[in-house]
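S.K.: Structure below; questions to follow.
The values are calculated or read from the model by the stated rules, or taken from the named source; none is laboratory data. Since the model is a prediction, treat every value here as computed from it, not as a measurement. Ideal geometry is used to build each Cβ from the backbone, glycine not excepted, and the neighbour counts take in all protein chains shown. Heavy atoms of the whole protein, side chains included, go into the accessibility calculation; ligands, DNA and RNA do not. Shrake-Rupley method; radii C 1.70, N 1.55, O 1.52, S 1.80 Å.
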Number of protein chains: 2
Amino acid sequence: MSIKKRILGIDPGFDRTGFGIVDMKGSGAIWVHHECVQTHPADTFSARLQTVRDRLQNVLTLYTPTHVAVEQLFFQTNAKTAMKVGMARGVILLTLADAKLPIIEMTPNQVKQGIAGWGRADKKQVQQMVQMLLKLKSKPTPDDASDALAIAIVGGLMVR
Amino acid sequence: MSIKKRILGIDPGFDRTGFGIVDMKGSGAIWVHHECVQTHPADTFSARLQTVRDRLQNVLTLYTPTHVAVEQLFFQTNAKTAMKVGMARGVILLTLADAKLPIIEMTPNQVKQGIAGWGRADKKQVQQMVQMLLKLKSKPTPDDASDALAIAIVGGLMVR
């Protein structure tokens with residue numbers, strides 16, 4: 001009997017955070033769910049962080065993933081943007097630690113390499129591979145949710 | 001009868017977060033407490049964020065501040081540092097929002113202006129003014145805790 005591996009991939013952001021969930025079966029990934037949390041620009045910073053945390057807790061309760069995969073964010077060049085994404089990322093890591101879920105961290109290049117077999121694959125190639133690997137009839141939208149699915153698939157391969 | 005105003009000032013950081021608490025009496029500030037949370041470099045990111053949250057919750061329980069003052073972090077130039085400080089800041093804002101505490105945000109220049117009467121005062125001048133205003137026998141240490149006291153004093157003047 002094999003133990004089920006259900007991976008939640010997260011693409012963290014302050015404005016939008018993507019969630020993507022897949023089940024691993026051998027080396028294949030089966031689509032379970034994807035969504036994107038959009039926080040409201042009129043809300044305070046703190047309220048927006050609460051939204052991200054609440055929606056993440058909701059996803060954890062509804063889909064009960066066994067592992068969580070999160071991208072490491074090396075690529076931010078703007079300090080102001082990095083600070084904001086960092087705030088969302090901090091809240092996400094805290095919530096996952098509270099839920100005692102194992103976290104798989106990966107670089108953007110590892111995601112591209114894992115999905116498209118090529119560390120410099122572009123966003124569109126990654127999205128096409130996600131659609132193909134998960135046998136979806138159309139491209140998962142929005143981009144943040146598609147990226148989260150890519151992160152989940154690569155996370156699943158890493159814990160195999 | 002005047003309602004008591006007890007201000008918690010926070011100087012957020014990933015490695016070290018300073019807490020400083022003052023009571024406001026008219027336009028004067030009375031020292032209550034200061035401390036610095038140092039997170040352990042050997043811990044995971046998530047565990048360090050939990051430490052910051054747990055210690056903040058502890059301070060809220062022990063000292064029951066009525067307001068919280070946090071510095072806005074415009075000054076980070078390095079994206080990697082900004083991301084890490086952002087993670088701690090996100091966790092702090094989330095914890096304060098959960099505790100339903102009013103948050104006073106201020107710029108670094110407002111802190112210097114409020115304490116030393118001069119937006120370009122240096123770190124040492126601010127520390128000397130904190131010691132003098134709070135009638136302390138020695139300079140509060142470490143620097144993060146002293147900065148947090150400065151933030152608390154200016155926050156107290158802003159909610160008067």
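S.K.: Mind grabbing the accessible area of residue B:122 for me, 1.4 Å probe, Å², rounded to tens?
M.R.: Roughly 80 Å² of residue B:122 is accessible to a 1.4 Å probe.
S.K.: Continuing with this model, one more query. At a Förster radius of 25 Å, what calculated FRET efficiency corresponds to the Cβ-Cβ distance of residue A:42 and residue A:80, to the nearest 0.05?
M.R.: 0.80
S.K.: How far is residue B:78 from itself in the other copies, in nm, if each label sits 7 Å out from Cα along the Cα-Cβ line, shortest first?
M.R.: Shortest to longest, the spacings are 2.2 nm.
S.K.: Then there's this: If all Cα-Cα distances of the range B:5-158 are sorted into 5 Å bins from 0 onward, what percent lands in each bin, rounded to whole numbers?
M.R.: 2, 10, 20, 24, 21, 14, 7, 2, 0
S.K.: Can you pull the percent of the protein assembly as shown's accessible area that's carbon plus sulfur, 1.4 Å probe, other chains left in place?
M.R.: Reported share for carbon and sulfur atoms: 52 percent.
S.K.: Oh, and also: Tell me the relative contact order for chain A as a rounded percent, counting alpha carbon contacts under 8 Å between residues six or more apart.
M.R.: Values: 289 pairs, mean separation 56.2, N = 160.
Rounded, it is 35 percent for chain A.
S.K.: Provide the per residue accessible area, probe 1.4 Å, for the protein assembly as shown, rounded to a whole number of square angstrom. Could the numbers behind the result be given before it?
M.R.: Values: 15330 Å² over 320 residues.
Heavy-atom SASA per residue in the protein assembly as shown reads 48 Å².
S.K.: Residue A:118 to residue A:158: FRET efficiency via 1/(1 + (r/R0)^6), r the Cβ-Cβ distance, R0 25 Å, to the nearest 0.05? Spell out each step's value before the answer.
M.R.: Details: r = 17 Å, r/R0 = 0.69.
Rounded to the nearest 0.05, the efficiency is 0.90.
S.K.: How large is the charge dipole for the range A:30-160, taken about the Cα centre, if only the Cβ atoms of Lys, Arg (+1) and Asp, Glu (-1) carry charge, to the nearest 20 debye?
M.R.: Using only the charged Cβ atoms, the result is roughly 260 debye.
S.K.: If you don't mind, there's one more thing I want to ask. In the protein assembly as shown, if every C-alpha pair distance is counted and binned at 10 Å from zero, what percent goes to each bin?
M.R.: Percent of pairs per bin, in order: 6, 26, 29, 19, 12, 7, 2, 0.
S.K.: Nearest 100 Å², what total accessible surface is buried between chain A and chain B (probe 1.4 Å)?
M.R.: Approximately 1900 Å², summed over both chains.
S.K.: Now for a different question. Counting Lys and Arg as +1 and Asp and Glu as -1, each charge on the Cβ, what is the dipole of the protein assembly as shown about the Cα centre in debye, to the nearest 20?
M.R.: Value, rounded to 20: 40 debye.
S.K.: How many angstrom lie between the C-alpha centres of the range B:33-74 and the range A:128-160?
M.R.: Centre-to-centre (Cα) distance: 36 Å.
S.K.: How many lysine pairs does chain B hold where the Cα atoms are under 19 Å apart and the two sit 8 or more places apart or on different chains?
M.R.: 16
S.K.: Leaving ligands, DNA and RNA out of it, work out the accessible area of residue A:159 with a 1.4 Å probe and give it in Å² to the nearest 10.
M.R.: 40 Å²
S.K.: Which one, A:136, A:149, A:49, has the greatest fluctuation when you compute a Gaussian network model over chain A with C-alpha springs under 10 angstrom?
M.R.: Between A:136, A:149, A:49, it is A:136 that shows the largest mean-square fluctuation.
S.K.: Here's another thing I want to ask about it. Only helices at least 20 Å long along their own axis, judged from Cα atoms, and with Kyte-Doolittle mean hydropathy of -1.0 or greater: name those in chain B from DSSP H.
M.R.: Numbers: long enough: B:45-63 (27 Å, -0.15); B:79-98 (28 Å, 0.87); B:143-158 (22 Å, 1.11).
Flagged H segments are B:45-63, B:79-98, B:143-158.
S.K.: Find, among the residues of chain B, the one whose Cβ sits nearest the axis of the rotation taking B to A; state the distance in whole Å.
M.R.: It is B:86, 1, counting Cβ atoms only.
S.K.: Under a GNM of chain A (C-alpha, springs under 10 Å), which listed residue has the highest mean-square fluctuation: A:145, A:88, A:97?
M.R.: A:97
S.K.: For the pair residue A:66 and residue A:132, how long in nm is the line joining their label points, each one 7 Å along Cα→Cβ?
M.R.: For the pair residue A:66/residue A:132, the computed spacing is 2.8 nm.
S.K.: Also, I was wondering about something else. Any idea what diffusion coefficient the range A:100-160 gets from Stokes-Einstein, in µm²/s, Kirkwood Rh on alpha carbon pairs, 37 °C, 0.692 mPa s?
M.R.: The diffusion coefficient I find is 281 µm²/s.
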